[in-house]
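The values are calculated or read from the model by the stated rules, or taken from the named source; none is laboratory data. Note that the structure is a prediction, hence the values are computed from the model and not measured. We place every Cβ from the backbone using ideal geometry, glycine too, and count neighbours over all the protein chains shown. Keep in mind that these areas ignore ligands, DNA and RNA; they rest on the heavy atoms of the full protein, side chains included. Shrake-Rupley method; radii C 1.70, N 1.55, O 1.52, S 1.80 Å.
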Amino acid sequence: MKRIKTSCKALALLGSSVVIMLTGCSAGESPAAAEKHEAQVFAMDTVMLFTAYGEHGAEALTAAEEVIYALEADLDPANPGGSVYAANAGAGQYVPVSEDCINIMSTTMEQYRATGGALDPGLYAVVQAWGFISGEYRVPAQTELNGLLAEKNTEGLLIDEARSAVYVPAGTAISFGAVGKGYAAQKAVEAMAAAGVESAILSLGGNVQTLGATKPDGSLWQVAVTDPRDTGAYVGILTIGEAAVVTSGGYQRFFEQDGVTYIHIIDPADGWPVDNDLLSVTVVTEDGAKADALSTALFVMGAEGALAHYRAEGGFEMVLITQDGRVIVTPGLRDSFGERSGEYSYEYPEK
Ligand code: AMP
Ligand code: MG
């Protein structure tokens, strides 16, 4: 866990899926804009950039860091002191967990049901089998995957809010890898607001979260959507108010073996890395955890499935980038999305 304080400079997190466009301090900048506080933190396997404006900025950065580190420890399934580890270790009985664990599990199970199981917190053993936890990548035998899928009982997960306890069925192991960063970003901006900051932006790899409808100078936030084929470039810029902007994409984590690419997002239907028509999904909605949950689930669904889910459920907007070079932008982002690439064709479906 490392924090590097930065001065007022243009910063970009290359290699992450969503990059905040920061203008940096110039000589003629107003005093309000000069009160820009930044910190770079490494947590949750991710380089994170926090920016807070105003006189309470420094305290807000500290508060955000504390939240992130605490959640990192609590939600890491490999940390014996954390709630998720305890829940898995106690599979087959109710286990007391933190309020955060209850919250993230509630959002995850809500989205598990809403997405027909495309987001599945019970996939931990399968994700492990592919080596995405240890980094020792391998292609498991289908029999091994079938065994793990047969043992998994996500439907049987139970939450007892009154007792702040969760029940993981025996044979199932959970993780919130698909939702944790979004939840952490949400809690971090809430901590920053509590510290007295009105304008802030956090970038946790592919997760961006803003606090406040505008920057102190009254301008909106700008968030770039990365080109999955060239992660130093963007397919477009979203100009937004207070929101979470979360991207899932195969390019964020993958390995290659015998000429085949295996990505870190798993299709719960067969236990294999998703291989469909999508390169990435960017979701924009108010709540960070929901945005993160949805970005993973929509990626699993493929372009048609994601659009069908959008039409059926609503409550979020998205940018889909397809293997065949299309960028599909939903109606609620039509006016806030600026095209930035000649390599893609852009589509703006009515609904
Ligand atoms: P994200 O980057 O938010 O899309 O989350 C991907 C991470 O969540 C992976 O690295 C896995 O740890 C885990 N994961 C992979 N596939 C799924 C899935 N279908 N449902 C839930 N979690 C998943
Ligand atoms: Mg996600």
With θ taken as phi - 60° and the coefficients 6.51, -1.76 and 1.60, list the Karplus ³J(HN,Hα) couplings across region 267-272 in order, rounded to whole Hz; mark glycine and proline as x.
7, x, 5, 10, x, 9
Glu38 - accessible surface, heavy atoms, 1.4 Å probe, Å² rounded to 10:
10 Å²
Heavy atoms of Lys187 accessible to a 1.4 Å probe, total area in Å² rounded to 10:
60 Å²
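Using the heavy atoms of the protein chains and a 1.4 angstrom probe, tell me the accessible area per residue for the chain in square angstrom.
With the other protein chains kept in place, the chain gives 41 Å² per residue.
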To the nearest Å, what is the center-to-center distance of region 66-130 and region 133-206, using C-alpha atoms only?
4 Å
In nm, to one decimal, how far is the modelled label at Ala193 from the one at Glu313, with both set 7 Å along Cα→Cβ?
2.2 nm
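Given the chain, what count of lysine pairs have C-alpha atoms under 12 Å apart, with each pair 8 or more places apart or on different chains?
Working: Lys5/Lys36; Lys9/Lys36; Lys36/Lys215; Lys181/Lys290.
For the chain, the number of qualifying lysine pairs is 4.
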Using a 1.4 angstrom probe on the protein heavy atoms only, line up Val260, Val225 by accessible area, largest first.
Val260, Val225
Given the chain reduced to its alpha-carbon atoms as identical point scatterers, what log10 I(q)/I(0) does the Debye formula return at q = 0.07, 0.08, 0.13 Å⁻¹?
-0.28, -0.37, -1.00
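Using DSSP to call loops (not H, G, I, E or B), can you name the trypsin sites (Lys or Arg not before Pro) in region 212-305 whose Cβ has at most 11 other Cβ atoms within 10 angstrom?
On the way: sites: Arg229, Arg253, Lys290; in loops: Arg229, Arg253.
For trypsin sites (Lys or Arg not before Pro) across region 212-305 that sit outside H, G, I, E and B with at most 11 neighbouring Cβ atoms in 10 Å, the list is empty.
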Pop out the carbon and sulfur fraction of the accessible area of region 176-294 as a percent, whole number, probe 1.4 Å.
46 percent
Starting from the Kirkwood Rh over alpha-carbon pairs, what translational D in µm² s⁻¹ does region 170-251 have by Stokes-Einstein at 10 °C and 1.306 mPa s?
112 µm²/s
Take the alpha carbon atoms of region 45-61, find their center, do the same for region 256-334, and report the distance between the two centers in whole angstrom.
29 Å
Assign one of three labels to region 257-351, namely rounded, prolate or oblate, based on the Cα gyration tensor with a ≥ b ≥ c the square roots of its eigenvalues; rounded applies when a/c is under 1.5, prolate when it is not and a/b is larger than b/c, and oblate otherwise.
oblate
So how tilted is helix 142-151 from the main axis of the chain? Cα-based, degrees 0 to 90, rounded to 10.
90 degrees
For the chain, what does the helix formula give at 222 nm: sum of -39500 (n - 2.57) over DSSP H segments with n ≥ 4, over the residue count, nearest 500 deg cm²/dmol?
-9500 deg cm²/dmol
